[in-house]
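Inspection log for the structure reproduced underneath, given as structure tokens.
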Amino acid sequence: MVLAERKLWRAVLQQAYDDAELAPFTDDTDPEERVRACSYLRADNATELENLSQVCEFADVPLDRVVNFARRRYPLAA
């Protein structure tokens with residue numbers, strides 16, 4: 001894969017991270033967007049895991065690193 005494509009897929013991961021870091025309750029943010037981004041990065045279900053796996057492969061980023069980081073940073077509510 002060419003470098004430009006890898007950069008594009010890394011930008012996809014960065015955008016998911018940026019969305020997950022949105023402040024939970026402000027007028028400018030959609031709380032659902034934050035929840036979806038956290039869920040996606042944690043790979044909460046099989047579909048998200050499959051999609052995230054493909055993005056990580058294209059971005060040349062280890063899937064386990066992304067998921068482990070997200071599960072520590074954005075734990076599921078009790």
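The values are calculated or read from the model by the stated rules, or taken from the named source; none is laboratory data. Predicted model, so just to flag it, every value in this text is computed and none were measured. Heads up, the Cβs are rebuilt from the backbone with ideal geometry, glycines too, and the neighbour counts pull from every protein chain shown.
How about the range 31-49: which of its residues are out of contact with any helix residue (DSSP H, G or I) (no Cβ under 6 Å at 6 or more places or on another chain), touching a residue at least 12 places away in the same chain (Cβ under 8 Å) and not in a helix (DSSP H, G or I)?
Across the range 31-49, the qualifying residue is only 44.
Just checking, how many residues over the range 50-62 are in contact (Cβ under 8 Å) with a residue 12 or more places away in the chain and in a helix (DSSP H, G or I)?
Result for the range 50-62: 5.
All but one of (1) part of a loop (DSSP other than H, G, I, E, B); (2) modelled with pLDDT of 95 or more; (3) touching a Lys or Arg at 6+ places or on another chain (Cβ under 6 Å) hold for residue 70, so report the exception by its number.
(1)
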